[in-house]
1. How large is ³J(HN,Hα), in whole Hz, for each residue of the range 63-75 in order, when computed from phi with the Karplus curve 6.51 cos²θ - 1.76 cosθ + 1.60 and θ = phi - 60°, using x for Gly and Pro?
2. Could you give the accessible area per residue of the chain, probe 1.4 Å, as a whole number in Å²?
3. Using the Karplus equation 6.51 cos²θ - 1.76 cosθ + 1.60 (θ = phi - 60°), what ³J(HN,Hα) coupling, rounded to whole Hz, does each residue of the range 3-19 give in order, writing x for Gly and Pro?
4. Within the set of other residues whose C-beta is less than 11 Å from the C-beta of residue 89, count the net charge using Lys and Arg as +1 and Asp and Glu as -1.
5. What do you reckon, how do 55, 15 stack up by accessible area (1.4 Å probe), largest on top?
6. Ordered by residue, what ³J(HN,Hα) values in Hz, to whole numbers, does the range 39-50 give under the Karplus form 6.51 cos²θ - 1.76 cosθ + 1.60, where θ = phi - 60° and Gly and Pro are x?
7. Taking the alpha-carbon set of the range 39-92, what are its Rg and Dmax in Å?
8. Please calculate the 1.4 Å probe accessible area of residue 36, with all protein chains present, and give it to the nearest 10 Å².
Amino acid sequence: MDRDTIRRIQTRLAELGHYHDEIDGMRGDNTHAAVRLALTALATGVPADWPDWSEKRQTIGFYQHFCLSKGIDAGPIDGWWGPQADHADWAL
């Protein structure tokens with residue numbers, strides 16, 4: 001994930017009311033807290049073991065869910081960045 005991707009994530013988190021900090025493209029504590037809130041609120045389509053994932057993997061899992069909500073196939077919501085996430089990132 002590059003800074004532009006993190007900015008898109010932060011923007012979406014802010015739209016959902018979970019992120020209230022600067023949209024700066026950096027995965028800091030506030031971004032991670034917002035991702036955890038968003039994943040908790042989503043519940044549907046998110047694997048039950050997501051709380052055990054690393055912060056980066058949780059962020060990718062949120063991004064995958066976000067892409068799918070926009071009709072873009074980012075692959076399964078598994079928190080792993082692969083070719084489908086690359087394609088989805090380009091498509092947004």
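The values are calculated or read from the model by the stated rules, or taken from the named source; none is laboratory data. Please read all numbers here as calculations on a predicted model, not as lab measurements. Every residue, glycine as well, gets a Cβ built from its backbone with ideal geometry; the counts of neighbours run over all protein chains shown. Note: areas computed on protein heavy atoms with side chains; ligands, DNA, RNA excluded. Shrake-Rupley method; radii C 1.70, N 1.55, O 1.52, S 1.80 Å.
1. Running phi through 6.51 cos²θ - 1.76 cosθ + 1.60 with θ = phi - 60° gives 4, 4, 4, 4, 4, 4, 5, 9, x, 10, 6, 9, x Hz.
2. Value for the chain: 55 Å² per residue.
3. Going residue by residue, I get 5, 5, 5, 5, 4, 4, 5, 4, 4, 5, 4, 5, 4, 7, x, 9, 10 Hz, with x marking Gly and Pro.
4. Overall, the nearby charge balance is -2.
5. Largest accessible area first, the residues go 15, 55.
6. Ordered by residue, 3J(HN,Hα) equals 5, 5, 5, 5, 6, 6, x, 9, x, 4, 8, 4 Hz.
7. Answer for the range 39-92, Rg first and Dmax second: 10.3, 29 Å.
8. For residue 36, solvent-accessible area is about 90 Å².
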